[in-house]
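J.: Sharing a structure below in structure tokens format, with a few things to ask.
None of the figures in this text is laboratory data; all of them are computed from the coordinates on show. Please read all numbers here as calculations on a predicted model, not as lab measurements. No Cβ is skipped: glycine too gets one built from the backbone with ideal geometry, and neighbour counts run over all protein chains shown.
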Amino acid sequence: MPAELTVWLDCDPGFDDWLAMLLLKQCRFARWVGMSVVAGNAPLEVTLDNTLRICELHGWSVPVHAGSAQPLQGAQETAQNILGGQGMRTSGAKLPPTTRRATSRDAASALLAQIQSSDEPLVILATGPLTNLADAIARDRLTMGRVREIVLMGGSIDRGNHTPAAEFNVFADPLAAAQVFASGIPLRMFGLNLCRQLLLTREHVGAVQALPGQIAGCVAGYLDAYQRIRSVDGREPMPLYDPAVVLWLARPELFEFQATPVDIELQGQFTRGMTVCDLRNRTGRPCNVQIAMKASADEAMQAFMRLLLQALEPAN
Ligand code: BDR
Ligand code: CA
């Protein structure tokens, strides 16, 4: 990898999108130039409000662009039934309100302008439904073709989470995912199969809860509630989803990949939004995706905690 990477984050916060941001801030070689927000965990106005509140809390000045409020096709799907109305919940103090506004309401144009103005090819980290990226591809395929790589959290080589077959980010906008997966842009996929190897426990939460200060306290309350998604008492470890893409950026040697042809199921009565991964390449087609298959999980979780605790040091 080059000494410095220019990075764009497309996201739908969501507590784990927030964790990805905190880690990204600590990647000294990543120049984080912008962020686009999409409807996903909650409707767009909620994910946008969450993003602006997060920026306010941490004093970040990275530009925030509002993107798509609806999927390309079909009804809007959120994760509010599991995560609550805000798309994330806390056992402590809520994110304070902000008067900040989005830098623009046209994420696809902002992303395209960023690519056109950069000397270095952009790495896009995508941690929500892929609607904004599909929008940018539809508007200017040539410019999007200059992207170095899209590194996404989404999909799965086996079971889903939002439905038995589909992972949430892909299920929320399968047509957008299909267009991104067929775009020819290099893709790196961190699906559920990988994220289920990165397990957040009570011990990890305890280490954040022990930190002093209002900012760390606020993050700790959300992290605590996130860790309890699977079991109210927190005994069952909770997979880390969105931070996986940033962990790869920070420590690529901790992950193993398999080049694979991947299709998105758009029709299936029970399988809509499924990432159909031809791991044995039965179709003999070109591989469009590098799928993350295996993580050195202990080291990856140590790296996660190191970056998170660093991000929450008072000087940051
Ligand atoms: C993905 O769905 C969202 O709820 C999370 O933020 C993550 O991006 C996991 O399936
Ligand atoms: Ca997300």
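J.: Quick one: 3J(HN,Hα) in Hz for the stretch 69-85, Karplus 6.51/-1.76/1.60 with θ = phi - 60°, rounded, Gly and Pro as x.
T.: Calculated HN-Hα couplings, in order: 9, 9, x, 4, 8, x, 6, 5, 10, 10, 10, 5, 4, 9, 9, x, x Hz.
J.: Now a separate question. Direction-averaged shadow area of the convex hull around the Cα atoms of the stretch 166-316, nm²?
T.: Over all viewing directions, the stretch 166-316 projects a mean Cα-hull area of 10.7 nm².
J.: Suppose each label sits 7 Å from its Cα in the direction of the beta carbon; what would the I82-T283 distance come out to in nanometres?
T.: 2.6
J.: In whole percent, what relative contact order does the chain give with Cα contacts below 8 Å and a gap of six or more residues?
T.: RCO, the chain: 20 percent.
J.: Viscosity 1.306 mPa s, temperature 10 °C: give me the Stokes-Einstein translational D for the stretch 59-164 in µm²/s, with Rh taken as the Kirkwood radius over C-alpha pairs.
T.: It diffuses with D of about 97 µm²/s by this estimate.
J.: Stokes-Einstein at 25 °C, 0.890 mPa s, Kirkwood radius from Cα pairs: D for the stretch 1-94 in µm² s⁻¹?
T.: D, rounded to a whole number, is 175 µm²/s.
J.: GNM, the chain, Cα, under 10 Å: largest mean-square fluctuation among E77, E265, E203?
T.: Taking springs between Cα atoms under 10 Å, the residue moving most is E203.
J.: Still on this model: Select from P164, P237, P43 the residue whose mean-square fluctuation is largest in a Gaussian network model of the chain (Cα-Cα springs shorter than 10 Å).
T.: Evaluated over the chain, the most mobile residue of the options is P164.
J.: What value, in deg cm²/dmol to 500, does the helix sum -39500 (n - 2.57) over DSSP H runs of n ≥ 4 give at 222 nm once divided by the residues of the chain?
T.: Rounded to the nearest 500, the figure is -10500 deg cm²/dmol.
J.: How high is the FRET efficiency from E149 to V232, r the C-beta distance, R0 41 Å, rounded to 0.05?
T.: Here the calculated transfer efficiency is 0.60.
J.: Now for a separate question. Multiply the residue separation of R159 and A75 by 0.36 nm, subtract the distance between their alpha-carbon atoms, and state the gained length in nm to one decimal.
T.: My answer for the length gained is 28.0 nm.
J.: Quick check on the exposure proxy: order S231, S183 from fewest to most C-beta atoms within 10 angstrom.
T.: In increasing order of surrounding Cβ atoms, one gets S231, S183.
J.: Choose one answer from G217, G67, G155: the residue with the largest mean-square fluctuation in a GNM of the chain with alpha-carbon springs under 10 Å.
T.: Of G217, G67, G155, the most mobile in the Gaussian network model is G217.
J.: Calculate the tail of P(r) for the stretch 5-312: the fraction of all Cα-Cα distances greater than 29 Å, expressed in %.
T.: Here the tail beyond 29 Å accounts for 28 percent of pairs.
J.: Further question on the same structure: Give me I124, I215, I82 sorted ascending by neighbouring Cβ count inside 10 Å, so fewest comes first.
T.: Ranking I124, I215, I82 by Cβ neighbours within 10 Å, fewest first, gives I82, I215, I124.
J.: Moving on to the next point. Report the residues of the stretch 234-253 in range of a label on S91: point 7 Å along Cα→C-beta, backbone N strictly under 18 Å from it.
T.: Only 234-240 pass the distance filter.
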